[in-house]
Amino acid sequence: MRFVVIHGPNLNLLGSREPDTYGTMTLDDINASLAQWAEENGSTIDTFQSNMEGELVTFIQTAGAAADGIVINPAAYTHTSIAIRDALLAVGTPSVEVHLSNTDAREEFRHHSVISDIVVGRILGLGAIGYRLALTGLQQHLQPGTLTSE
Ligand code: DQA
């Protein structure tokens, strides 16, 4: 299967950005771990990070449309971007939302996600492992019964 993993604004600073909240892994570390997951699971993963809303929208319209599944951490755009919501709705690719931190346990403005009702599922607060969990869940959603543990 072909997956894309999309990282929103400021996630390029992972490793040094508020490590108590977001952990010490860099974005390169996370992407390398996702490439390993893809190899282990016979899938391909394209990763993309941008600080710009329009670039994220264009990536969803192109690579996201061609993928079997999307894992997305829209970062701060989670709480504001109708453009990202509309792009996900337009392409219709099954998507899972990931947040490194537990956004529900933080400031009030982080409690609302404008994509929470259009994604297959959400993973919050588990740190970088959340991306691998999201991919496993999405794979299971797309091909039920394929997990070796079942
Ligand atoms: C985040 C949570 C958002 O509220 C925040 O703006 C981020 C990162 C997370 O992964 O925990 O940039 O999406």
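For the chain, no complete DSSP H run has alpha carbons reaching 27 Å or more along its own long axis together with a mean Kyte-Doolittle score of 1.0 or higher.
Among Ile115, Ile72, Ile82, the largest mean-square fluctuation in a Gaussian network model of the chain, built with springs joining Cα atoms closer than 10 Å, belongs to Ile82. Among His111, His79, His99, the largest mean-square fluctuation in a Gaussian network model of the chain, built with springs joining Cα atoms closer than 10 Å, belongs to His111. Between Arg2 and His111, the modelled labels are 4.1 nm apart [label points 7 Å from Cα along Cα→Cβ].
Of the solvent-accessible surface of the chain, computed with a 1.4 Å probe and all protein chains present, 51% belongs to carbon and sulfur. For segment 1-99, the fraction of C-alpha pairs farther apart than 18 angstrom is 44 percent.
In terms of the Cα gyration tensor, with a ≥ b ≥ c the square roots of its eigenvalues, is segment 55-150 rounded because a/c is under 1.5, prolate because a/b exceeds b/c, or oblate?
The shape class here is oblate.
Computed over the chain, the per-residue total of -39500 (n - 2.57) for DSSP H runs of n ≥ 4 gives a 222 nm mean residue ellipticity of -9500 deg cm²/dmol, rounded to 500. Surface exposure of the chain, expressed per residue as accessible area with a 1.4 Å probe, stands at 48 Å².
The values are calculated or read from the model by the stated rules, or taken from the named source; none is laboratory data. This structure is a prediction, so every number in the text was calculated from the model and none was measured. Reconstructed Cβ throughout: ideal geometry from the backbone, glycine too, with neighbour counts over all protein chains shown. When the accessible area is computed, the model is the full protein with side chains, heavy atoms only, and any ligands, DNA or RNA have been set aside. Shrake-Rupley method; radii C 1.70, N 1.55, O 1.52, S 1.80 Å.
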